[in-house]
Amino acid sequence: MNSQEIKKLDAEYVLDSYARFDLCLVRGKGCRAYDAEDNVFLDFTSGIGVNSLGWADEKWAQAVAQQASCLQHTSNIYYTKPSAELAQILCQKSGMKKAFFANSGAEANEGAIKTARKYSRDKYHDKKDTRNVIITLENSFHGRTMATLSATGQDYFHHNFHPFLQGFVHVPAGDIEAMDNAMNDTVCAVMLEVIQGEGGVVPLPKEYILAVQKLCNERDILLIVDEVQTGVGRTGTFLASQQVGIVPDVVTLAKGIGGGLPMGAVLFGEKTQNVLGRGDHATTYGGNPVACAGALAVMERLNDSFLAEVKEKGVYLKEKLMNMPGVAQVNGEGLMLGILFKEGIVAADVLRKAMEKGMLCLLAKDKLRLLPPLVITKDEIDEGITILNKVLEDMA
Ligand SMILES: *Cc1c(COP(=O)(O)O)cnc(C)c1O
């Protein structure tokens, strides 16, 4: 099928809930993807931060294929080796104590939300169910399920689907006084992203996050860090929160964890490791052996030198971006960067023109967002910069 035929079929049968770009991809290798007409594209999206090792990484594909041809699924009524091993590695890399496997970011956050509510219910039983509020930040994004939409601190998402869940309060990001005031005795947890991804690649100040952690500790309020986008090496450390120097009570992961297969994880710290017990939470696919095999292949690659390279490539890319014409600001860490353009340059136009020149980028609010595969080379970064420079020169 050519691109036109595929698009026509999609238009006829797939729910029209996505504003897609006019591109139909059929295969990829590393940082390059090909459409049905064999046009090649340089990738700065990694499927929205998912393809950590790029497209069709050899070792990853082998691990996945081998697992698929051996044992593809068991459900959680039996033990399997890939999920046990993956849980061990995740705990070792994050310093957390236990892992629960889900299938997406929203689902991982659902697990975190349930954990927070049960933690307070178990511990503050005399107060019955009154200690159940979760504070999240304005401009946050936590997912598309009813609970995670309710948690998401953007009005844009709070239409059409009433009633939303009770028990969520949104406070302005970076305002420690507002946080302090909101932390009354109905609050069981704070949930935040270290860098607000969908909100426009907005990093929270380090001092703010440290102050939030301190307040949480003083009041026995759990700190949930949503690392669905920032985690798994994206910012140059395994978790972005490790750079801030906080120890969250719950961490959620997804996107990059499976290297391209649907997977999410909730990681539990000292305080929360025994909150959810048998029967409290479950999902049929969770810890699926094929997804775990893919994740194990990702974890194998993410050693200290690999992470140091991500960091270094991020610094290199950021500097090049800041020197491009028309750029006002570049935010983010490692290979999670958002570019704010000067007045008159619309990020969506830059994206479209870059695509015409064979480069794929993302948007986040009014910024151009880059989430290249973590394996991108300096030469490929240079190639991307050359394209963006050309686009911006043409627009000036
Ligand atoms: C993408 C994202 C989610 C939602 O993940 P899904 O896998 O789409 O459900 C949640 N939180 C953050 C920070 C994200 O970037």
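Values quoted throughout were computed directly from the atomic coordinates according to the rules given, and no laboratory measurement underlies them. Since this is a predicted model, take the numbers as computed values, not measurements. FYI the Cβ positions are ideal-geometry reconstructions off the backbone, even for glycines, and counts take in every protein chain you see.
Annotations for the structure displayed:
- Matching option when the condition is in contact with a strand residue (DSSP E or B) (Cβ under 8 Å, 6 or more places away or on another chain) and either of a type in the set (Lys, Arg) or farther than 27 Å from Pro248 by Cβ (or both), among Leu267, Leu321: Leu321
Conditions (1) in contact with a strand residue (DSSP E or B) (Cβ under 9 Å, 6 or more places away or on another chain); (2) closer than 27 Å to Leu351 by Cα; (3) surrounded by fewer than 22 Cβ atoms within 10 Å (Cβ to Cβ); (4) small (Gly, Ala, Ser), marked per residue:
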residue: Leu15; (1), (2), (3), (4): no, yes, yes, no
residue: Asp22; (1), (2), (3), (4): no, yes, yes, no
residue: Leu25; (1), (2), (3), (4): yes, yes, yes, no
residue: Gln72; (1), (2), (3), (4): no, no, yes, no
residue: Ser75; (1), (2), (3), (4): no, no, yes, yes
residue: Cys91; (1), (2), (3), (4): yes, no, yes, no
residue: Ser94; (1), (2), (3), (4): yes, no, no, yes
residue: Ala112; (1), (2), (3), (4): yes, no, no, yes
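- Looking across the stretch 253-296 at every residue that is closer than 20 Å to Gln72 by Cβ and touching a Gly at 6+ places or on another chain (Cβ under 6 Å), the one that is nearest to the ligand (Cβ to nearest atom) is identified as Gly264.
- Tally of residues being in contact (Cβ under 8 Å) with a residue 40 or more places away in the chain and surrounded by fewer than 16 Cβ atoms within 10 Å (Cβ to Cβ) across the stretch 384-396: 4
- Odd one out for Ala173 among (1) under 26 Å from Asn288 (Cα atoms); (2) of a type in the set (A, V, I, L, M); (3) in contact with a strand residue (DSSP E or B) (Cβ under 8 Å, 6 or more places away or on another chain); (4) in a loop (DSSP other than H, G, I, E, B): (1)
- Within the stretch 194-208, the set of residues being outside any loop (DSSP other than H, G, I, E, B), without any contact (Cβ under 8 Å) to a residue 60 or more places away in the chain and surrounded by fewer than 24 Cβ atoms within 10 Å (Cβ to Cβ) comprises Lys206, Glu207, Tyr208.
- Among the strands (runs of 3 or more DSSP E) confined to the stretch 223-339, the ones with at least 3 residues that are over 17 Å from the mean Cα position of the chain (by Cα) and surrounded by fewer than 24 Cβ atoms within 10 Å (Cβ to Cβ) are located at 327-333.
- Qualifying residue in the stretch 177-193 (condition: loosely packed, with under 14 Cβ neighbours inside 10 Å and either within 12 Å of the ligand (Cβ to nearest atom) or closer than 24 Å to Ser94 by Cα (or both)): no
- Flag if Gly47 is within 16 Å of the ligand (Cβ to nearest atom), assigned to a helix (DSSP H, G or I) and more than 15 Å from Pro262 (Cα to Cα): no
- Per-region count, the stretch 27-63, residues touching a residue at least 60 places away in the same chain (Cβ under 8 Å) and surrounded by 14 or more Cβ atoms within 10 Å (Cβ to Cβ): 21
- So Asn109, is it touching a Pro at 6+ places or on another chain (Cβ under 9 Å), touching a residue at least 60 places away in the same chain (Cβ under 8 Å) and within 13 Å of the ligand (Cβ to nearest atom): no
- The conditions of being closer than 22 Å to Val228 by Cβ, within 16 Å of the ligand (Cβ to nearest atom) and exposed (fewer than 13 other Cβ atoms within 10 Å of the Cβ) are met by Phe161.
- Looking only at the stretch 195-211, and only at residues there that are within 11 Å of the ligand (Cβ to nearest atom) and small (Gly, Ala, Ser), the one that is farthest from the chain's Cα centre (by Cα): Gly199
- For Thr230: the one exception among (1) among the β-branched types (Val, Ile, Thr); (2) within 14 Å of the ligand (Cβ to nearest atom); (3) over 30 Å from Val346 (Cβ atoms): (3)
- Of all residues in the stretch 342-383, those being free of Cβ contacts under 8 Å to residues at least 24 places away in the same chain and β-branched (Val, Ile, Thr) number 1.
- Test: residue in the stretch 82-91 that is more than 28 Å from Gly245 (Cβ to Cβ), within 16 Å of the ligand (Cβ to nearest atom) and in contact (Cβ under 8 Å) with a residue 12 or more places away in the chain: no
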